[in-house]
Each structure stands twice: as structure tokens, then as C-alpha cells.
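The values are calculated or read from the model by the stated rules, or taken from the named source; none is laboratory data. This is a predicted model, so every value here is computed, not measured. Cβ atoms come from the backbone with ideal geometry, glycine included; neighbour counts cover every protein chain shown.
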Amino acid sequence: MSDRLKIGISSCLLGNEVRYDGGHSRNDTIIESMSGLFELIPFCPEVAIGLSIPRLPINLVSINGEIRVRGVSDTSHDVTDALNHYAVSITDQLDVMCGYIFKSRSPSCGLADVNVYGSRTNKVVGVSGGQFARIITQKYPKLPTEDEMRLSNKAIRDNFIQRMLVYSKKNN
Ligand code: SF4
């Protein structure tokens, strides 16, 4: 068993082929810069709630002021509640994490840069965090989190590592 500190990470960033199109989003910069110090624990909320690989895409939709996650082509396919339940169900695993790295622009995993569409017009009406990421960050407001795209910047990576080490000391 590894004695490295644990970080949660969107599974596709490790090269796992779990994306809706059957591919991955491996990020070698993150893997190489983090895996010496930390054990990277993958989570794919969309696969965890039973969606297939590949699968039809989902997106965020604003409905009467509430953001829901539903199918792009099949708008009756709403996975909001399933993603919420999954996020809550893994809190025992997240309790021992000292950080989380989220995939950018994903309707499930994006931290803050996900397009929100209108329910009828299908035009972008705003931006938000992805559903899974929003539940995690609400439940763990002090947990250090980062977006994979921001971590291409070395100064942001170094700062994130420091924040995780401090968090780990305070929470262990
Ligand atoms: S962004 Fe999140 S939900 Fe989408 S494939 Fe990656 S881990 Fe799975």
C-alpha cells in the first residue's frame, strides 16, 4: 500500500478511456508533476452512475433557474440526481484526500468553466461548475482543488502542491 498522500482526479486525465467518445484526456504534465508526491485516485462520475462507454453527450441546462444535467439529443435523459447521489456516496473516500484535480469543461467534472445552455433555445446562457464538481466543492469548501488546464502553469502547480501539503497537515 502506498504511503503517499492521496489526491482525487478525473479518471480520463490519467489516460483511462472513459470519455463519452470512448477516448481519454491523459495529461502527462499533471501525472509527472504529481505522482512522485501523491497517489492519484481516479473517479469517473459518469461511468460510476452507469453510463456506457461510449455514450451520448450530456450538457448543463438552465431550467427555471435550476441547472440540470441532461442528454443533448434526448432531453428526457436527466442524470442530475444520479450525479448528486454519487458525489455524496464517496465522501468516505474523499475524507482522506488532500486535493482534487478536475477535468476542464466537463458537465460533470468542470470546476467553473462549463457552458450552461437554455432549455429551449440551446444557446449558451451562462457558465458554471459541472454537477459532480459543484457537489464536491460545496461539501468540502476547504479541500484544495484545481482545474487541469490551470495546472499547465508551473506557478499554479507549485502553489497547489503547497496548499495540499498544508491541508494534509491540518486534517491528519
Ligand atoms: S471528465 Fe469526468 S465524467 Fe467526463 S470522462 Fe473524465 S472523469 Fe469521466
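Results for (1) touching a residue at least 40 places away in the same chain (Cβ under 8 Å); (2) hydroxyl-bearing (Ser, Thr, Tyr); (3) surrounded by 17 or more Cβ atoms within 10 Å (Cβ to Cβ), shown as yes or no for each residue.
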position: 44; (1), (2), (3): no, no, yes
position: 63; (1), (2), (3): yes, no, no
position: 66; (1), (2), (3): no, no, no
position: 88; (1), (2), (3): yes, no, no
position: 108; (1), (2), (3): yes, yes, yes
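Of 41, 7, 31, which residue is at pLDDT 95 or above, touching a Lys or Arg at 6+ places or on another chain (Cβ under 8 Å) and β-branched (Val, Ile, Thr)? Sole residue among the options that is at pLDDT 95 or above, touching a Lys or Arg at 6+ places or on another chain (Cβ under 8 Å) and β-branched (Val, Ile, Thr): 41. So for the range 23-36 (the condition being more than 20 Å from residue 150 (Cα to Cα) and in contact with a strand residue (DSSP E or B) (Cβ under 6 Å, 6 or more places away or on another chain)), does at least one residue qualify? Checking the range 23-36: not a single residue is more than 20 Å from residue 150 (Cα to Cα) and in contact with a strand residue (DSSP E or B) (Cβ under 6 Å, 6 or more places away or on another chain). Can you name every residue in the range 56-78 that is in a strand (DSSP E or B) and within 19 Å of residue 133 (Cβ to Cβ)? Answer for the range 56-78, where residues must be in a strand (DSSP E or B) and within 19 Å of residue 133 (Cβ to Cβ): 58, 59, 60, 61, 62, 66, 67, 68, 69, 70, 78. Number of residues in the range 2-17 that are crowded, with 23+ Cβ neighbours inside 10 Å and within 9 Å of the ligand (Cβ to nearest atom): the value is 5.
Set side by side, the residues 127, 116 differ, and just one is among the aliphatic types (A, V, I, L, M), surrounded by fewer than 16 Cβ atoms within 10 Å (Cβ to Cβ) and at pLDDT 95 or above, which is 127. For the range 96-111, check the following and say yes or no: at least one residue is part of a strand (DSSP E or B), more than 16 Å from the chain's Cα centre (by Cα) and more than 12 Å from the ligand (Cβ to nearest atom). So far as the range 96-111 goes, no, none of its residues is part of a strand (DSSP E or B), more than 16 Å from the chain's Cα centre (by Cα) and more than 12 Å from the ligand (Cβ to nearest atom). In the range 151-168, the condition of being touching a Ser or Thr at 6+ places or on another chain (Cβ under 9 Å), assigned to a loop (DSSP other than H, G, I, E, B) and within 16 Å of the ligand (Cβ to nearest atom) is met by no residue. When 53, 58, 49, 30 are checked against the criterion of being more than 8 Å from the ligand (Cβ to nearest atom), within 23 Å of residue 153 (Cα to Cα) and in contact (Cβ under 8 Å) with a residue 12 or more places away in the chain, a single residue qualifies: 30. Between 108, 62, the distinction of being over 24 Å from residue 31 (Cβ atoms) and either modelled with pLDDT of 95 or more or of a type in the set (S, T, N, Q) (or both) belongs to 62 only.
All of (1) surrounded by fewer than 19 Cβ atoms within 10 Å (Cβ to Cβ); (2) within 19 Å of residue 163 (Cβ to Cβ) hold for residue 38 with one exception: (1). Within the range 1-54, being in a strand (DSSP E or B) and of a type outside the set (Val, Ile, Thr) holds for 5, 6, 8, 10, 38, 39, 40, 42, 43. Taking (1) more than 17 Å from the chain's Cα centre (by Cα); (2) hydrophobic (A, V, I, L, M, F, W, C); (3) more than 9 Å from the ligand (Cβ to nearest atom) in turn, residue 88 satisfies each apart from (1).
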